[in-house]
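The values are calculated or read from the model by the stated rules, or taken from the named source; none is laboratory data. Remember, predicted model here, so these are calculated numbers, not experimental data. Please note: Cβ atoms are built from the backbone with ideal geometry, for glycine as well, and neighbour counts cover all protein chains shown. Ligands, DNA and RNA are excluded from the accessible area calculation, which covers all protein heavy atoms including side chains. Shrake-Rupley method; radii C 1.70, N 1.55, O 1.52, S 1.80 Å.
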Amino acid sequence: MGKLPAASNSSNTKGVSVNRSASLVMIATMADTTWRMFVPTVGLIVAGDALDGRFTTRPWLMLTGALIGSLLAALLIKRQLQRGKA
């Protein structure tokens, strides 16, 4: 088995800040992706359900909202990925 490196009394603040910075970027990216998926999909499902109740067209407007919300979420994520490559 390999030996562990010897403990050092000096602190490696640069390594810690790099790790913390990478973690924050990862968390921010996940949060950005989550809202892009959640808001359009769930928002349009809820709006479609409310309109179905008003116009007695159950479940068609809710399903339409789910479809449009999913397509919109896919478009938003595609734009996010393209922006990340630039």
Study note, to complete from the structure: For the range 18-33, the count of residues that are open to solvent by less than 80 Å² (accessible area, probe 1.4 Å), without any contact (Cβ under 8 Å) to a residue 12 or more places away in the chain and among the charged types (D, E, K, R) equals 0
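Look through the range 15-52, keep the residues that are of a type in the set (Gly, Ala, Ser) and in contact with a helix residue (DSSP H, G or I) (Cβ under 9 Å, 6 or more places away or on another chain), and return whichever of them is farthest from residue 78 (Cα to Cα). Show your work before the answer.
Within the range 15-52, the first condition is being of a type in the set (Gly, Ala, Ser), and the residues that meet it are 15, 17, 21-23, 28, 31, 43, 47-48, 50.
With in contact with a helix residue (DSSP H, G or I) (Cβ under 9 Å, 6 or more places away or on another chain) added as a condition, the list becomes 43, 47-48, 50.
Details: 43: 19, 47: 24, 48: 24, 50: 29 Å.
Result: 50.
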